[in-house]
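This report concerns only the one structure given below.
The values are calculated or read from the model by the stated rules, or taken from the named source; none is laboratory data. Here the structure is a predicted model, which is why all the values come from computation and not from measurement. Note: ideal-geometry Cβ built from the backbone for every residue, glycine included; neighbour counts use all protein chains shown. For accessibility, only protein heavy atoms count, side chains too; no ligands or nucleic acids. Shrake-Rupley method; radii C 1.70, N 1.55, O 1.52, S 1.80 Å.
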Amino acid sequence: MPATALNHRMSFCDGHERPMAGTVNAANDYYKVVSVTTTMKQTALVSVIVPVYNDGAYLAIALESLLHQSLGDFEVVVADDASSDGSVALAHAFGRRDPRFRVVVNDENLGMTRNWNRALAAAQGKYVVKLDADDAVRPETLQRLVDAMEDAHGPMVSYCRTLSCDANLEPFSSYLGERALIRAGIEPMQVQCRPGHDWYRLSFDDLQLWHSNAQMHRRATLLEMGGWDESWGCAADTDLILRVLERNGRVCHIPYAGVLYRHRPGSVSDQYRRQTWLAWESVLIHLDSLNRYHAAGGRLTTPLRKTWWRYFAQWGRLRAQGEDALAGLRPDLRERLLRRAHEVAAPPRRVLVEGAARQFLWNVMTATTRIGGADATGGV
């Protein structure tokens, strides 16, 4: 493997090869040769919550990546959402070998966001990190995030970088959200600690700044915020980031590439991206956030006013298409999404007037261009 790849790839310790994805039995055999001796404190510094639903083919890799953290003062809460593929047995096998691993199992399938909050309710650490069961973290992730949180400036949340990977966890690019930082002249390869509103203004170019797994919260603060909003599905992580930034507390970005984000066909995020209702969710989340931000006295810069108009206009087009886009959505999530849709408020008058004026000028320019083109060709 080239040295450059080794710099990005997670190190699997003890000289053993990692099991291939998709082979749960091979993973179980592998773990028999790895021993971990740990003294569990009554309360861990960090809680890592790992939501699971039929992720047995990948779960072992995620949990193994936690075993190799340079920081040892953590607990892992595996929250299984009524899996049927052996995920629970695999999680319990880790718990038998290492007291830092705990398993909670839902009697019925709660759905993704409710399961995240189920895991959060069971966590006991000072800080909380989420790790999706088909992803992984690199060895210094927890330590680097804790160091950022315990800096003298005391940020509200710390985020690290993410590497986008193929189905075998081979990195192929940085996370797309870094493009927003680069466009704003912010170097993602350096520590960046800024007020939340500075980051907030970068968050509306259809790019989520940080991956869902790349964030460390104070557990008490996250609970006070209500955890993840169960009105939302796949985009609940976007909503949480926006709610954090709206508060305008200090937020730190660290350059360590701590998360390996697996892109694979059939994953939860892949399935949601194929669903047209995700456009509803994304637009509603951003409109909801802009309303809260404005109501709390946030400064509406020209780019934010343009963004608000754009999302409101997009919402009008989605609403005109009717509710067919929600077909196939699980009933409880559909009901919650419709409830949020009925609560959408119009932007401030200034946003509406400026947006309408820009649209009028655009229409005039487009018509003029068409007429000019027809004249140049002698008419049609």
Worksheet item: Could you sort K130, K306 by accessible area so the largest value comes first, with the probe set to 1.4 Å?
Response: K306, K130
Worksheet item: If you take the beta carbon distance between L338 and Q42 as r and set R0 to 45 Å, what does 1/(1 + (r/R0)^6) give as a FRET efficiency, to the nearest 0.05?
Response: 0.50
Fill in: Prolate/oblate/rounded call for the range 220-266, Cα gyration tensor, a/c under 1.5 rounded
oblate
Worksheet, complete the sentence: If each K or R counts +1 and each D or E counts -1, the residues other than R218 whose Cβ falls under 10 Å of its Cβ total +1
Practice prompt. Quick one: what are the phi-derived ³J(HN,Hα) couplings along the range 336-344, Karplus 6.51/-1.76/1.60 with θ = phi - 60°, whole Hz, x for glycine and proline?
Written response: 5, 5, 5, 4, 5, 5, 6, 9, 4
Worksheet item: Full extension from D166 to E323: what is 0.36 nm times the residue separation minus their Cα-Cα distance, to one decimal in nm?
Response: 53.1 nm
Discussion item. If I model a spin label as a point 7 Å beyond the Cα along the Cα-Cβ vector, how far apart are those points for L361 and M189 in nm?
Written reply: 3.9
Worksheet item: So who's got an amide H within less than 5 Å of the one on S47, skipping anything under 5 residues away but keeping other chains? H placed 1.01 Å off N, in plane.
Response: E75, G125, K126, Y127, V128, V129
Fill in: DSSP-loop GluC sites (Glu not before Pro) across the range 102-154, with at most 10 other Cβ within 10 angstrom
E108
Discussion item. Testing the spin-label approximation: label points 7 Å from Cα along Cα→Cβ at I371 and T276. State their distance in nm.
Written reply: 3.6
Worksheet item: Among 113-126, 326-339, how do they line up from the highest to the lowest mean number of other beta-carbon atoms within 10 Å?
Response: 113-126, 326-339
